[in-house]
Amino acid sequence: MHDLPRDIASMKLYFQVGRIFNELRARGIAENAPLQCGDLTAFDQYHYLGTDTVDEAARRLGVSASSHVLDVGAGIGGPARHLAATTGCQVTAVELQPELNATAASLTARCGLGGQVRHLEGDFLAHDVASWHCGGMVSWLVFLHIADRAALLRQIRRALKPGSKVFIEDFFKRGELTPAEWRDIRQQVYCQALPSLGEWRAQFRDAGFAEIEITDMTETWKPFVAGRMNSFRAEEARNVAVHGRLVFDALDEFYTTMDRLFGGGNLGGIRVIATSP
C-alpha cells in the first residue's frame, strides 16, 4: 500500500522545503521577522508562470474581497497568500503534506494574513467540505497526483456553491510517451494520471461541469521551464552556498527532467476553466 504523503514528498521539488528560509536569511531577513508577500513570490510559487497565472485565475474567477476561494494542493501557500493580499479574499488552502502545510502556515502568519488564509492539512478527498460553500476553486499541478478523477471532481463540487468557477493548470498526454518518459514522470513528478485533452474535457463533462474551456499551455510553459533550469544552473555557486550541494543537485535533477519531458513533445500543459453545476 502506498503512503501517499511520503511518496509525493520524495519528489525532488519538495526536497527540504524549508529552503525558503535559507533564501530569506540570505536576504538579511531575520527568523520570525514580519514579511510582505513580495518577499516570497520568487520562491513560494511551485507552478509555472508564477504570480502571473495566479492573477489570471483571480481575473477569470472574478475574485474580490467578498470571495471565498478554495486552493487544492496549496503547497507552501504562495498562490493562496498572493490571492489574499492582492484581492482581499478569503482562502481555504488544503495541502496533503504536513511539512509543506506547516511551512505555509508559518509564512502566512508572518505576512499578517492568518485572518484571510485558512491552512488545512490532509487529503482533500477525506475532508468534510459540505459546509465550506466556496465561490471559486484553484489548483496548480495537483490533479496529476490523483488517479480517481471522478471522486476528486465530486468533492470539488461539494465544496463549491452552484455556479462557481474552477481554474486548474496541470499536465496532459500530448503524445505517446516513451518508457523512459513514463519512468521520469512517475518517479520525478509522482504522476498518477495523465489524460489527453479530450479525456480531460470528458472527465469534467461527466462530472456535470459546464462552460468547459480547455487551453493547451505547452508552448507557453516550455520557455519558462527551460529558463528556470538555465537560471538555476547559472547561479550554481550562489545556490550551493545558500542551500548546500544536496539541495542544489536535487533541484537541478528535477528542473532538468522537466525540461527534457517538455522538450520531448509528449508531455503537455493544460489550463481548464469550468463552471460547477
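Rule-based calculations on the coordinates, nothing more; no lab input. Small disclaimer: the values here were computed from a predicted structure and weren't measured. Note: ideal-geometry Cβ built from the backbone for every residue, glycine included; neighbour counts use all protein chains shown.
Which residues in the range 167-185 place their backbone N less than 19 Å from a point set 7 Å from the Cα of LEU120 along the Cα-to-Cβ direction?
167-168, by backbone N distance to the label point.
Picking from GLY62, GLY38, HIS127, whose Cα lies most toward the positive end of the charge dipole for the range 14-130 (charges on Cβ: Lys, Arg +1; Asp, Glu -1)?
GLY38
What is the spin-label model distance, in nm, from ARG27 to GLU99 if the labels are put 7 Å beyond Cα along the C-beta direction?
Taking the simple label geometry, ARG27 and GLU99 are separated by 2.2 nm.
Nearest 0.05, what FRET efficiency do ASP252 and ALA151 give at R0 = 30 Å with Cβ-Cβ as r?
Once rounded, the FRET efficiency stands at 0.25.
Run the numbers for ASP55 and ARG260: contour at 0.36 nm per residue of separation, minus the present Cα-Cα distance, in nm.
71.0 nm
So in the chain, what percent of DSSP beta bridges are antiparallel if you round to the nearest 5?
40
Dipole magnitude of the range 107-197 about its Cα centre, charges +1 at Lys/Arg Cβ and -1 at Asp/Glu Cβ only, in debye to the nearest 20?
Dipole about the Cα centre, nearest 20: 320 debye.
Report, in debye and to the nearest 20, how large the dipole of the chain comes out about its Cα centre when Lys and Arg carry +1 and Asp and Glu carry -1 on their Cβ.
340
What's the lysine pair count for the chain at a Cα cut-off below 25 Å, pairs eight or more apart or interchain?
4
Could you give the C-alpha radius of gyration of the chain expressed as a fraction of 2.2 N^0.38 Å, taking N as the number of residues it contains?
0.97
Using helices alone, I'd like the mean residue ellipticity at 222 nm for the chain: each DSSP H run of four-plus residues gives -39500 (n - 2.57), total over residue count, nearest 500.
That calculation yields -14000 deg cm²/dmol at 222 nm.
Provide the gained length on full extension for the span ASP128 to GLU199, in nm with one decimal, where the gain is 0.36 nm per separating residue minus the Cα-Cα distance.
Residue separation times 0.36 nm, minus the Cα-Cα distance, leaves 22.8 nm.
Have a look at HIS145, ASN239, GLY115 and report the one farthest towards the positive end of the charge dipole of the chain, computed about the Cα centre with Cβ charges (Lys/Arg +1, Asp/Glu -1).
Checked the options; the winner is GLY115.
What ranking, highest mean first, results for peptides 112-120, 73-81 when packing means the other Cβ atoms within 10 Å averaged over each residue?
Highest mean packing first, the order is 73-81, 112-120.
Tell me, how many Å apart are the Cα centres for the range 49-71 and for the range 110-160?
Each part's Cα centre sits 15 Å from the other's.
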